[in-house]
1. Looking at segment 210-233, is at least one residue open to solvent by 10 Å² or more (accessible area, probe 1.4 Å), within 16 Å of the ligand (Cβ to nearest atom), on the phi > 0 side of the Ramachandran plot and in a loop (DSSP other than H, G, I, E, B)?
2. Hey, any hits in segment 474-483 for a residue that's within 16 Å of the ligand (Cβ to nearest atom) and either surrounded by 23 or more Cβ atoms within 10 Å (Cβ to Cβ) or within 30 Å of Leu211 (Cβ to Cβ) (or both)?
3. Which residues, counting only those in segment 511-529, are over 24 Å from the mean Cα position of the chain (by Cα), surrounded by 14 or more Cβ atoms within 10 Å (Cβ to Cβ) and either among the hydroxyl-bearing types (Ser, Thr, Tyr) or over 30 Å from Lys369 (Cβ atoms) (or both)?
4. Anything in segment 68-97 that is surrounded by 19 or more Cβ atoms within 10 Å (Cβ to Cβ), without any contact (Cβ under 8 Å) to a residue 40 or more places away in the chain and closer than 13 Å to Thr109 by Cβ? List them, or say none.
5. If you check Ser277 against the conditions, is it of a type in the set (S, T, N, Q) and either within 16 Å of the ligand (Cβ to nearest atom) or at positive phi (or both)?
6. Looking at the structure I just gave you, is Ala392 within 16 Å of the ligand (Cβ to nearest atom), open to solvent by 10 Å² or more (accessible area, probe 1.4 Å) and not aromatic (Phe, Trp, Tyr)?
7. Out of all the residues in segment 365-372, is one or more open to solvent by less than 40 Å² (accessible area, probe 1.4 Å), without any contact (Cβ under 8 Å) to a residue 60 or more places away in the chain, in a strand (DSSP E or B) and more than 16 Å from the ligand (Cβ to nearest atom)?
8. On the given criteria, is Arg402 over 28 Å from Glu336 (Cβ atoms) and more than 16 Å from the ligand (Cβ to nearest atom)?
Amino acid sequence: MGKARRNRSQASGLDRRSVLKGLATLGAAPALSACGEAGRQLSGPAPQVDADVAVSFIHGVASGDPWDDSVVLWTRITPAEDTDEIPVAWEIARDEAMTDIVGSGVFVTDAGRDYTVKVVATQLEPWTRYWYRFRCGEVVSMLGRTKTAPRAELALDQLRFAFSSCAWYSMGYFNAYRGIAERDDLDVVFTLGDYIYEYGGDELLSTPFALGRYMAPGHEIVSLQDYRTRHALYKTDPDLQAAHAAHPWICTWDDHESTNNSYADGADNHTEGEEGSWTERKRTAMQVYFEWLPVREEYNPNTHPDAFLYRRLQYGDLVEFFVLESRLEGRSVQAENAEEAADPQRYMISPQQEQWLIGGMRESTARWKVVAQQTMMSQLFIAPGVPYGYDAWDGYVAQRNRLFEAFAEIDDVVVITGDIHTSFCNELTVDPRDMAYQPGVSGSVGVEFVCPSISSQGLPLVVVNVLQLYNRHMRQAVGDLEIGHGYVVMTATPQRCEAAYRYMVSVRTPLKLELPGPVWGVNSGEKTLTRS
Ligand SMILES: [Fe+2]
């Protein structure tokens, strides 16, 4: 996996057949194939392409997985009726007015990929803002803005990024995505999972009647069409569209992009037989994720047997991200008790991913090693020594201990986490009850920042306040009392990595009011948290 990160000579995961077919349709293939990479890169304005049917762009645009010379561009085109193939032209420019075009091409999409469009714009300048859009006939998409990464050798003085997770459509407005969209100071944005939820509209805690935010389809998603319809629903949300259009995203899934509490061989919310086979459902969920999210195709396990979504992305000499996949590749079934949870043969991430992570962090040339992952890595005791549950890292203790052993020897390790819909700033330590660990002083191997949810119900404020009594390593916790949904803005400099929590006043109304939350950070060379 790691090797794919810098392998720039690959065909960028683009559907070569579609492109060539599309260019042939345009009569352009012979001239373009000479410039390599499937001849997809044109100079000058995007060619004029037309569909046989009326089309529209109603699912917005997105960009993702920025490298120092390329970025993924995404959209979806909606034909008025089913049609064979639709050529979609794309262009990327240095300016918002789209006058200084630096790349363009055509991508031919069809029903086989749900009319989604994913291209990789290459030959870009490092650490540079770009604007992009798509066109079919006279119909033009909204404008997107993106930014490439700096070269790994660059001495970078600051990186600022946002991270979020858990957007339950029927449970609330995506006001936090609007907050992210309106910021002009972000270099990149992360989703750490539960980008969609698989449930129907009638589950407990879901409040569509009050909000008018009904799930589509109105039942739990299981089939290919179901997953596509759900992703399509999400991508009609104006706040989510705005957040995608404003920044490049780095995306990883948690369980709800497939189904609740999934693991490699099954899921709590999957009934084998009645809901088809798990192998098929998992494959379907991953297929649709890669259709609808701006993730490079070479990380798609359905089409690249050596890949499984996890990947490294570097921002100069300052930050290297290690993005994990902790659900579908290697996760063992959730433990039933503490004894099982301690079994060294149980895995949250596959043994090869564990090796890739530890090896990669050891060899990283960046100051901050930021592990972007799904469920809480720190312990979460609900009573002295009693874990909250076994779906998070508390259920995979031996593997966690192996990671902590490695982290202890690596400088400047920061973990960013989603899943639990509640804000926590934790110090990572093998056993927080051990007096060798002194909060804020010694005995920790790194730090963890857990983000609030975009809209999913979190742990109640009162519960969280009690939890802090049993969890010494939890230096800050903010529960859900309506306020408690939002996102985190992280600023990394050579001296410090700092997380600023941001909360929306409401998710039950479309009110976009945002409040600042606590700010905690870690100084370079230290492994403890300090409040800013
Ligand atoms: Fe969630």
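The values are calculated or read from the model by the stated rules, or taken from the named source; none is laboratory data. The structure displayed is predicted, hence computed values, not measured ones. FYI the Cβ positions are ideal-geometry reconstructions off the backbone, even for glycines, and counts take in every protein chain you see. Remember, those area values only see protein heavy atoms, side chains included, never the ligands or the DNA or RNA. Shrake-Rupley method; radii C 1.70, N 1.55, O 1.52, S 1.80 Å.
1. No, there is no match, as no residue in segment 210-233 is open to solvent by 10 Å² or more (accessible area, probe 1.4 Å), within 16 Å of the ligand (Cβ to nearest atom), on the phi > 0 side of the Ramachandran plot and in a loop (DSSP other than H, G, I, E, B).
2. Yes.
3. Ser524, Thr528
4. Pro79 - this is the single residue of segment 68-97 that is surrounded by 19 or more Cβ atoms within 10 Å (Cβ to Cβ), without any contact (Cβ under 8 Å) to a residue 40 or more places away in the chain and closer than 13 Å to Thr109 by Cβ.
5. no
6. Values: within 16 Å of the ligand (Cβ to nearest atom): yes; open to solvent by 10 Å² or more (accessible area, probe 1.4 Å): yes; not aromatic (Phe, Trp, Tyr): yes.
Yes; evaluated as a whole, the condition is true for this residue.
7. As a first pass, look at segment 365-372 and keep what is open to solvent by less than 40 Å² (accessible area, probe 1.4 Å): 366, 368-372.
Subset that is without any contact (Cβ under 8 Å) to a residue 60 or more places away in the chain: 369, 371.
Next, only the ones that are in a strand (DSSP E or B) stay: 369, 371.
In the following step, the residues that additionally are more than 16 Å from the ligand (Cβ to nearest atom) were identified as 369, 371.
Yes, there is a match, as at least one residue in segment 365-372 is open to solvent by less than 40 Å² (accessible area, probe 1.4 Å), without any contact (Cβ under 8 Å) to a residue 60 or more places away in the chain, in a strand (DSSP E or B) and more than 16 Å from the ligand (Cβ to nearest atom).
8. Working: over 28 Å from Glu336 (Cβ atoms): no; more than 16 Å from the ligand (Cβ to nearest atom): yes.
Against the criterion (over 28 Å from Glu336 (Cβ atoms) and more than 16 Å from the ligand (Cβ to nearest atom)), Arg402 does not qualify.
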